[in-house]
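Report on the structure given below.
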Amino acid sequence: DRDTTKVRLVMLSNLCDRAIIGSTSISHNQALWSGPCLNQKLSTSLLMLRFDEKLLCFDLRKAFLQINIPDVDRNRLLFLWYNDISKGDFSIRVFRNLRLSFGLRCSPTILMTALYKILMIDVENDSEKIKDLKKIIYSLIYMDNGSVTSNSSAELKWAFEQLNSIFNPYGFSLQQFVTNDRELGETIGECDEISIDNKLFGLNWNTQSDTLSTQKLSIDGNACTKRKILSSIAENFDPYNINGPLL
């Protein structure tokens, strides 16, 4: 039911054949170095988004797939699949990943490194104002979720107008613009439908009232052990423990 991504392909890079006794098979994820975590914690990212009054959020469309993999690494990420299912040809064929896959343990680090290059390194020909905007975007970005904040509607609108020129040269197109600024919302609404109820890093964000709330609680009433009860509670995303007293 998603308006943008109907199906997301995920490389199950943790799979390998251990059925054979004595097998020394290892998965892609076991062989890959994940790299350092370059994202803020979700709770920290949410706080940083709300220091200014006005907020604009956007999504980098198919962010991982915009990153090419060098030839030497393409041969390390081979996988088996059927030759042509639509024609009933189920013979096994070897495929190579040409672009960064969603599901590899190193993908988040590589994506954030690419964004660091775009927003913090490739700035030689930028004005000081554009450099400052890029710094703001990088400090607020979480994976493929970008944001800009300001206390001025005019400044936020100016930032919105610069986004395509920042990301498009690198193949990144933008989608799912959401803002709590009504003036900018009207501008965006001329070319894209703006919803009042949205998701902001897993929380519900009502842009009209500008309030954040958790999803409706879902508790397993049949949980009968401490482990099952704690598991049921943990399934409810609540980074600030808003529902703590109730639970």
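The values are calculated or read from the model by the stated rules, or taken from the named source; none is laboratory data. In this text the structure is predicted, and so the values were computed from the model without any measurement. Cβ atoms come from the backbone with ideal geometry, glycine included; neighbour counts cover every protein chain shown. Areas reflect the complete protein model, heavy atoms only, side chains present, ligands, DNA and RNA absent. Shrake-Rupley method; radii C 1.70, N 1.55, O 1.52, S 1.80 Å.
Once the gyration tensor of the Cα atoms in the range 137-247 is diagonalised, the equivalent ellipsoid follows with semi-axes of 36, 16, 12 Å, ordered largest first. Between beta-carbons, use under 11 Å as the cut-off and find the net charge around residue 173, counting Lys and Arg +1, Asp and Glu -1. Neighbour charge sum, excluding residue 173 itself: +1. Solvent-accessible surface (1.4 Å probe) assigned to residue 81 amounts to roughly 130 Å². Note on the range 194-237: percent of Cα-Cα distances in each 10 Å bin, starting at 0 and stopping at the bin with the largest distance, equals 27, 35, 23, 14, 1. In this view, the solvent-accessible surface of residue 140, computed with a 1.4 Å probe and all protein chains in place, comes to about 10 Å².
Per atom type, the range 100-194 shows carbon and sulfur on 49% of its accessible surface, probed at 1.4 Å. The alpha carbons of the range 1-72 give a radius of gyration and a Dmax of 18.9, 61 Å, in that order. Along its first, second and third principal axes, ordered by size, the range 63-200 spans 59, 36, 23 Å in Cα coordinates. The trypsin sites (Lys or Arg not before Pro) of the range 166-231 meeting both criteria, a DSSP state outside H, G, I, E and B (loop) and at most 11 other C-beta atoms within 10 angstrom of the site's C-beta, are 216.
Dividing the summed -39500 (n - 2.57) terms of all DSSP H runs of n ≥ 4 by the residue count of the chain sets its mean residue ellipticity at 222 nm at -8000 deg cm²/dmol.
What is the sum of charges around residue 60, taking Lys and Arg as +1, Asp and Glu as -1, for the other residues whose C-beta is under 15 Å from the C-beta of residue 60?
Numbers: positive: 8, 61, 62, 99, 117, 134; negative: 59, 144.
Combined, the nearby Lys, Arg, Asp and Glu give +4.
Phi angles of the range 54-69 translate, via the Karplus equation with coefficients 6.51, -1.76, 1.60 and θ = phi - 60°, into HN-Hα couplings of 9, 9, 10, 10, 8, 10, 7, 5, 6, 4, 5, 6, 7, 10, 6, 9 Hz per residue; Gly and Pro are given as x.
For the full complex of protein chains and a 1.4 angstrom probe, list 120, 11 by accessible area with the highest value first. Could you put the intermediate results ahead of the total?
Details: 120 65, 11 30 Å².
The ordering from most to least exposed comes out as 120, 11.
The Cβ shell under 13 Å around residue 129 holds other residues with a net charge of -2, Lys and Arg each +1, Asp and Glu each -1.
Note on the chain: Kirkwood radius taken over Cα pairs, Stokes-Einstein applied at 37 °C and 0.692 mPa s, translational D equal to 155 µm² s⁻¹. Taking the Kirkwood radius as Rh and the Cα radius of gyration as Rg, the range 1-136 has a ratio of Rg/Rh equal to 1.06.
Surface composition of the range 1-73: carbon and sulfur atoms hold 56% of the protein heavy-atom accessible area at a 1.4 Å probe.
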